[in-house]
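The values are calculated or read from the model by the stated rules, or taken from the named source; none is laboratory data. Worth saying up front: this structure is predicted, and the values here are computed from it rather than measured. When we count neighbours, we look across all protein chains shown, and the Cβ atoms used for this are built from the backbone with ideal geometry, even at glycine.
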Amino acid sequence: METFGSRLHRATRDRGPLCVGIDPHAALLTRWGLPDDVAGLERFALTVVEALAERVAVLKPQSAFFERFGSRGIAVLESTIRQSREAGALVLLDVKRGDIGSTMAAYASAYLDPESSLCADAITVSPYLGVGSLQPAFDMAATHGGGVFVLALTSNPEGPAVQHAVGAGGRTVAQTVIDEISQVNVGADPLGSLGLVVGATIGDTGHDLSKVNGPLLAPGLGAQGGSPADLRAIFGESLRNVLPSYSREVLGAGPGVTSLQAAADRAVDACRAVIG
Ligand SMILES: O=c1ccn([C@@H]2O[C@H](COP(=O)(O)O)[C@@H](O)[C@H]2O)c(=O)[nH]1
């Protein structure tokens, strides 16, 4: 079985280093001329899939925008995941789960077990209950060739108050998360399957990402003010492992399929110019 790290490495080599978020904001539905209801949600999500799933390496549905429509929104999320994967994109479900280990095992079944209708290639998780509490998700990912992206240095301005706090050992909370994930990825080739989320807006914080040997998801590009040029200062020599992520910047080009494709092409070209 091919690991997620290997599949992601191949996808970004073949399609370019780009993740596009599927974030059906109410404002975007309106801008696309769609109703803010389940029918609008479905049209929006499946238009993005039609435009981009055969084109970009990774699609990242934001679960919150589907959950807000209840069970019918979840049904749209299921079909969005399934159709994206069938068309060849890797699906990173941005769901930011994190809980005590026994509950985490249920989340892992929901999102990383191929038997589940919500199974994605990878998910985002929060390490706030301790990186060790995420072990059931790491185990499920390893068993089925999935991936897990752990929040480390998030793109929002509130993040540093927690993530830059220094613990008893003199390391920041974020560096502790980075180091624990780095240990799991030791020796993985070409890339580990455990990734980190490091925002494109954070600037040079002095955190050491050099040993991660796993994918570094960089949200915050475009709408939040980050640009591909900012990635160099944040990631330094780890730049080759960065997966830049845009949502509103690309989605704002819709509803036309060709306009969405052109926006994604512009984004991947800008990222390639920095990452290679
Ligand atoms: O640190 C983080 C972690 C996740 N996100 C998510 O990425 C997208 C960003 O959307 P844009 O429209 O490109 O701003 C969104 O789903 C966030 O929940 C993040 O922004 N920062």
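Brief remarks follow.
- Only one of Leu34, Leu46, Leu59 that is under 18 Å from the mean Cα position of the chain (by Cα) and touching a residue at least 12 places away in the same chain (Cβ under 8 Å): Leu59
- The listed residue being surrounded by fewer than 18 Cβ atoms within 10 Å (Cβ to Cβ) and either hydrophobic (A, V, I, L, M, F, W, C) or within 15 Å of Gly5 (Cα to Cα) (or both), out of Val162, Val177: Val162
- Of the strands (runs of 3 or more DSSP E) lying entirely inside the stretch 1-113, those carrying at least 3 residues that are hydrophobic (A, V, I, L, M, F, W, C) are 19-22, 90-97.
- Each residue in the stretch 1-35 was checked for being hydrophobic (A, V, I, L, M, F, W, C), over 20 Å from Gln62 (Cα atoms) and at pLDDT 95 or above, and 1 pass.
- Only one of the numbered conditions (1) buried (at least 17 other Cβ atoms within 10 Å of the Cβ); (2) within 16 Å of the ligand (Cβ to nearest atom) is violated by Asp121, and that is (2).
- Residue pairs meeting the criteria (Cβ under 9 Å; at least 6 apart or on separate chains; first over 12 Å from Val148 (Cα atoms), in the stretch 183-198; second at pLDDT below 95 and away from the ligand (no atom under 16 Å from the Cβ)): none
- The number of residues in the stretch 19-44 that are out of contact with any Pro (no Cβ under 6 Å at 6 or more places or on another chain) and either among the aromatic types (Phe, Trp, Tyr) or within 19 Å of Pro219 (Cα to Cα) (or both) comes to 7.
- The residues of the stretch 31-67 that are out of contact with any helix residue (DSSP H, G or I) (no Cβ under 9 Å at 6 or more places or on another chain) and among the polar types (S, T, N, Q) amount to a single one, Gln62.
- For Gly252, the test of being over 18 Å from the mean Cα position of the chain (by Cα), surrounded by 13 or more Cβ atoms within 10 Å (Cβ to Cβ) and among the small types (Gly, Ala, Ser) is passed.
- The set of residues in the stretch 229-248 that are within 14 Å of the ligand (Cβ to nearest atom) and touching a Lys or Arg at 6+ places or on another chain (Cβ under 9 Å) comprises Ser245, Ser247.
- All positions within the stretch 10-42 that are more than 16 Å from the ligand (Cβ to nearest atom), farther than 16 Å from Ala263 by Cα and surrounded by 19 or more Cβ atoms within 10 Å (Cβ to Cβ): Ala11, Thr12, Leu34, Gly40, Glu42
- Residues of the stretch 74-97 satisfying the condition of being surrounded by 21 or more Cβ atoms within 10 Å (Cβ to Cβ) and either farther than 26 Å from Thr12 by Cα or without any contact (Cβ under 8 Å) to a residue 24 or more places away in the chain (or both): Val76
- Restricting attention to the stretch 151-192, the residues that are more than 16 Å from the ligand (Cβ to nearest atom) and either assigned to a helix (DSSP H, G or I) or not β-branched (Val, Ile, Thr) (or both) add up to 20.
- Residue list for the stretch 105-153, restricted to those being touching a residue at least 60 places away in the same chain (Cβ under 8 Å) and of a type outside the set (A, V, I, L, M, F, W, C): Asp121, Thr124, His144, Gly145, Gly146, Gly147
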